[in-house]
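Enquirer: One structure follows; several queries about it will come next.
The values are calculated or read from the model by the stated rules, or taken from the named source; none is laboratory data. Just so it is clear, the model here is predicted, and its values are computed rather than measured. Using ideal geometry, Cβ is built from the backbone for each residue, glycine included, and neighbour counts are taken over all protein chains shown. Heads up: the accessible areas ignore ligands, DNA and RNA and are worked out on the full protein's heavy atoms, side chains in. Shrake-Rupley method; radii C 1.70, N 1.55, O 1.52, S 1.80 Å.
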Amino acid sequence: GKTDGVADYTITSVENTGGTTSATMAMKYVDAKGKEIVNSDYKMTCTPDGINIDFNSLMPSQMMQQYQDMGMEMDISGTDIVLPNDLTVGEQLADANVSITMSMKGMNMSIVVDMVDRKVDAQENVTTPAGNFECYVISEVNKTQFMGVNQEMPAKLWLSEGVGMVKQETYKKNGDLMTRMELTKLTE
């Protein structure tokens, strides 16, 4: 129930090519004490069918640069997060994943994140400090494998047309709420 930090998202570039719009989003996360923790960019593409978020580009670029500066080789692969333009309650959405392999002086590590069991559960009206929004509720399970440890966390995402994410919650495997993000301000 207390604020741990604030994430600011800004559209920094937009390109239109043959019916496809590509945008770069800048994300800056500042903790509750005002210290900048993450500053990164990611890419998304809008087509007549929907929105594709480049899951690979969600890795913070400053973290990637730190690893490369330490001499670590990295390989990132995976699939985009796909959100159809016309969501319907009960619709099953495509899974998404990212796999990161890191290698440094013969030592190898890998991180795999899978977003599975993605589906549109409901339509709900959601009120946040930014206003009142009609949203689709999308549930998913995030499965992470890192250094032999497997973690599974259910999550819910509230999306509003023309706005994007209004609220997101991540839960422990037992269903207890772990984190909540919600839209507090929207400027155009």
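Enquirer: Within region 56-65, is even one residue open to solvent by less than 50 Å² (accessible area, probe 1.4 Å), within 22 Å of residue 157 (Cβ to Cβ) and either modelled with pLDDT of 85 or more or in contact with a Gly (Cβ under 6 Å, 6 or more places away or on another chain) (or both)?
Expert: Restricting attention to region 56-65, the residues satisfying the condition of being open to solvent by less than 50 Å² (accessible area, probe 1.4 Å) are 56-57, 59-60, 64.
Still in the running and within 22 Å of residue 157 (Cβ to Cβ): 56-57, 59-60.
Checking which are either modelled with pLDDT of 85 or more or in contact with a Gly (Cβ under 6 Å, 6 or more places away or on another chain) (or both) leaves us with 56.
Within region 56-65 (the criterion being open to solvent by less than 50 Å² (accessible area, probe 1.4 Å), within 22 Å of residue 157 (Cβ to Cβ) and either modelled with pLDDT of 85 or more or in contact with a Gly (Cβ under 6 Å, 6 or more places away or on another chain) (or both)), the answer is yes, since at least one residue qualifies.
Enquirer: Something else now. Output the number of the condition that residue 137 fails; it satisfies all remaining conditions of (1) under 21 Å from residue 42 (Cβ atoms); (2) surrounded by 16 or more Cβ atoms within 10 Å (Cβ to Cβ).
Expert: (1)
Enquirer: Quick one: residue 16 ticks every box in (1) under 16 Å from the mean Cα position of the chain (by Cα); (2) surrounded by fewer than 12 Cβ atoms within 10 Å (Cβ to Cβ) except a single one, so which number is it?
Expert: In the conditions (1) under 16 Å from the mean Cα position of the chain (by Cα); (2) surrounded by fewer than 12 Cβ atoms within 10 Å (Cβ to Cβ), residue 16 misses (1) alone.
Enquirer: Which of (1) modelled with pLDDT under 80; (2) open to solvent by 80 Å² or more (accessible area, probe 1.4 Å); (3) closer than 30 Å to residue 109 by Cα is the odd one out, the single condition residue 43 does not satisfy?
Expert: (1)
Enquirer: Of a type outside the set (Phe, Trp, Tyr) and under 15 Å from the mean Cα position of the chain (by Cα): is that true of residue 75 in this structure? Outline the logic, then answer.
Expert: Working: of a type outside the set (Phe, Trp, Tyr): yes; under 15 Å from the mean Cα position of the chain (by Cα): no.
No; evaluated as a whole, the condition is false for this residue.
Per-residue answers, yes or no, for (1) assigned to a strand (DSSP E or B); (2) touching a strand residue (DSSP E or B) at 6+ places or on another chain (Cβ under 8 Å); (3) at pLDDT 90 or above; (4) open to solvent by less than 40 Å² (accessible area, probe 1.4 Å):
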{"site": "6", "(1), (2), (3), (4)": "yes, yes, yes, no"}
{"site": "11", "(1), (2), (3), (4)": "yes, yes, yes, no"}
{"site": "23", "(1), (2), (3), (4)": "yes, yes, yes, yes"}
{"site": "30", "(1), (2), (3), (4)": "yes, yes, yes, yes"}
{"site": "39", "(1), (2), (3), (4)": "yes, yes, no, no"}
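Enquirer: Has region 93-101 got any residue that is charged (D, E, K, R), modelled with pLDDT of 85 or more and touching a Ser or Thr at 6+ places or on another chain (Cβ under 9 Å)?
Expert: yes
Enquirer: In region 117-128, what count of residues is obtained for those that are open to solvent by 40 Å² or more (accessible area, probe 1.4 Å) and either within 17 Å of residue 95 (Cα to Cα) or modelled with pLDDT under 95 (or both)?
Expert: Here is the first cut: in region 117-128, the residues open to solvent by 40 Å² or more (accessible area, probe 1.4 Å) are 117, 119, 121, 123-125, 127.
Among the residues that remain, those that are also either within 17 Å of residue 95 (Cα to Cα) or modelled with pLDDT under 95 (or both) are: 117, 119, 121.
The qualifying residues number 3.
Enquirer: Further question on the same structure: Which one of these is β-branched (Val, Ile, Thr) and open to solvent by less than 40 Å² (accessible area, probe 1.4 Å): 184, 179, 144?
Expert: Step by step, each of 184, 179, 144 is checked, and only 144 is β-branched (Val, Ile, Thr) and open to solvent by less than 40 Å² (accessible area, probe 1.4 Å).
Enquirer: Would you say residue 174 is touching a strand residue (DSSP E or B) at 6+ places or on another chain (Cβ under 8 Å), open to solvent by 30 Å² or more (accessible area, probe 1.4 Å) and not β-branched (Val, Ile, Thr)?
Expert: Spelling it out, it is not the case that residue 174 is touching a strand residue (DSSP E or B) at 6+ places or on another chain (Cβ under 8 Å), open to solvent by 30 Å² or more (accessible area, probe 1.4 Å) and not β-branched (Val, Ile, Thr).
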